[in-house]
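Here's the structure, in structure tokens; my notes come after.
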Amino acid sequence: MSFKKQDIYKALETITAPGEGKSLIENNNVTNVVTFGDEVEVDVTINNPTLQAKKKIETEISKAIKTNVGEQITVKVNVKVAKPAPKENPNLIKGKPIPNIKNIIAIASGKGGVGKSTITSNLAISLAKMGFNVGVLDADIYGPSQHIMFDVEKAKPLSVQVDGRSKMQPVENYGVKLLSLGFFTNPNEAVIWRGPMASKALKQLIFDGNWGELDFLLIDLPPGTGDVHLSIVQALPINGAVVVSTPQNIALADAKKGVAMFQQKNINVPVLGIVENMAFFTPEELPNNKYYIFGKDGAKNLAEDINTKFLGEIPLVQSIREAGDVGHPVALQNGTILEKSFHDISKEMLAELIQRNENLPPTEVVRITTMSGCSAVKK
């Protein structure tokens, strides 16, 4: 006998979706129909998970097709049950993403002195060299350093009018846009602020900055898991976090806490991976020698233990420190081992980010509305 696929869809319009009050077609329950000769295969998704509901819909579909299209048709029905929508966390409030900024990545460390700011600046430059539009927000309120690393220590962001509002124009160098508290403070004076003052300053840098179109905004967070970190996840929709550590046990213990902070259910920021900085020392005169001053493979083993991606390692090399001090990060070099190391880590981070964006829902602003959001990490 002869029939068209449209005849099958018309027959399925006579069946009501279980518990929906609409037809299978109107409610988009039918996901696919395949016809071959006198055979018809129908894929259908329903919300009712009971065996009774599955059997009923199979019987009704087969009967409707045979009655309205042809008795000789062989009907096969594949029934799937839709996954229930996840329950909303009562401590989370949804917010709107920031226009024109596609991906926001937090660079964090549980412990100070592990080279987090160095990693941030070089990742930013590596991404810019790949052709991306990149910005850096120096959120290390008490020890800003990105303005030094980008050789714009004496620059001042200009005020520009955008849609009738006065905004700060980020300082740009090496193809990266930058805003830092270091532009507005006296380098010879300590920043002595309580948490609310630091949070207010951060929000001004974030929302009063004229960032324009960005593929990536990297946020250089201060060490630890305190007020600034909570302020950032409350204010911005973070796509993912990168945690930096050295191989030594005392740094790894704090790095583990840093990962745990982002993974708390009231924060729920995906951790893209861990970078091991100062992985080994190689003297310039002995390029084939490696000395594991702070231990060996500590961050790599930690990544395996907590099921997090190991993004790569950076050696302890004098030229990295020197380049940062003079405001010319080593990622600006071409064809060197160090430039390749940061390039490879950037590629690994991008791969994890692409996978995160494919498998997880769009990022939302997280606002912690109860003290449970600030609870200590359980060991």
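The values are calculated or read from the model by the stated rules, or taken from the named source; none is laboratory data. Everything numeric in this text was worked out from a predicted model, so none of it was measured. Heads up, the Cβs are rebuilt from the backbone with ideal geometry, glycines too, and the neighbour counts pull from every protein chain shown. Just the protein is used for accessible areas: all its heavy atoms, side chains included, with ligands, DNA and RNA removed. Shrake-Rupley method; radii C 1.70, N 1.55, O 1.52, S 1.80 Å.
Give the residues of the range 307-336 that are over 24 Å from SER145 (Cβ atoms) and open to solvent by 40 Å² or more (accessible area, probe 1.4 Å), sorted by residue number.
Those that are over 24 Å from SER145 (Cβ atoms) and open to solvent by 40 Å² or more (accessible area, probe 1.4 Å): ASN307, LYS309, PHE310, ASN334, GLY335.
What number of residues within the range 134-148 satisfy the criterion of being open to solvent by less than 30 Å² (accessible area, probe 1.4 Å) and not in a loop (DSSP other than H, G, I, E, B)?
7
Provide a single number: the residues in the range 280-306 that are among the aromatic types (Phe, Trp, Tyr) and surrounded by fewer than 18 Cβ atoms within 10 Å (Cβ to Cβ).
Selection size over the range 280-306: 3.
Filter the range 120-133 down to residues that are among the small types (Gly, Ala, Ser) and open to solvent by less than 10 Å² (accessible area, probe 1.4 Å) and give me whichever is nearest to PRO222 (Cα to Cα).
Looking at residues that are among the small types (Gly, Ala, Ser) and open to solvent by less than 10 Å² (accessible area, probe 1.4 Å), I get SER121.
Suppose the filter is farther than 27 Å from ASN239 by Cα and surrounded by fewer than 19 Cβ atoms within 10 Å (Cβ to Cβ); does ILE354 pass it?
For ILE354, the condition - farther than 27 Å from ASN239 by Cα and surrounded by fewer than 19 Cβ atoms within 10 Å (Cβ to Cβ) - is not met.
Quickly run through the range 1-23 and pick out the residues that are of a type outside the set (Phe, Trp, Tyr), at pLDDT 85 or above and farther than 14 Å from ILE73 by Cα.
Hits for the range 1-23 are GLN6, LYS10, LEU12, GLU13, THR14, ILE15.
Any idea how many residues of the range 1-19 are under 40 Å from the mean Cα position of the chain (by Cα) and surrounded by fewer than 16 Cβ atoms within 10 Å (Cβ to Cβ)?
1
In the range 262-315, how many are among the hydroxyl-bearing types (Ser, Thr, Tyr) and touching a residue at least 40 places away in the same chain (Cβ under 8 Å)?
Going through the range 262-315 one residue at a time, the tally reaches 2.
Return a yes/no flag: does the range 228-235 have any residue that is within 17 Å of PRO99 (Cα to Cα), of a type outside the set (Lys, Arg), modelled with pLDDT under 75 and open to solvent by 10 Å² or more (accessible area, probe 1.4 Å).
yes
Filter the range 149-164 down to residues that are modelled with pLDDT of 85 or more and part of a strand (DSSP E or B) and give me whichever is least open to solvent (accessible area, probe 1.4 Å).
VAL160
Kindly indicate the residue of the range 20-51 that is of a type in the set (Asp, Glu), closer than 12 Å to ILE65 by Cβ and in a strand (DSSP E or B) and also least open to solvent (accessible area, probe 1.4 Å) among those meeting that condition.
Taking the candidates together, the pick is GLU41.
Taking into account only those residues within the range 185-213 that are part of a loop (DSSP other than H, G, I, E, B) and modelled with pLDDT of 80 or more, which is most open to solvent (accessible area, probe 1.4 Å)?
Looking at the filtered set, the residue picked out is GLU213.
Within the range 121-129, does at least one residue satisfy the condition of being touching a helix residue (DSSP H, G or I) at 6+ places or on another chain (Cβ under 9 Å) and modelled with pLDDT under 90?
Looking for residues that are touching a helix residue (DSSP H, G or I) at 6+ places or on another chain (Cβ under 9 Å) and modelled with pLDDT under 90, one finds none in the range 121-129, hence no.
Scan the range 165-182 and give yes if some residue there is at pLDDT below 85, in a loop (DSSP other than H, G, I, E, B) and open to solvent by 100 Å² or more (accessible area, probe 1.4 Å), otherwise no.
No, there is no match, as no residue in the range 165-182 is at pLDDT below 85, in a loop (DSSP other than H, G, I, E, B) and open to solvent by 100 Å² or more (accessible area, probe 1.4 Å).
Quick one: count up the residues across the range 157-187 that are within 19 Å of ILE206 (Cβ to Cβ) and out of contact with any strand residue (DSSP E or B) (no Cβ under 8 Å at 6 or more places or on another chain).
Total meeting the criteria: 5.
Residues of the range 60-87 being part of a helix (DSSP H, G or I) and either open to solvent by 90 Å² or more (accessible area, probe 1.4 Å) or basic (Lys, Arg) (or both), which ones?
LYS63, LYS66, THR67, ASN68, listed by residue number.
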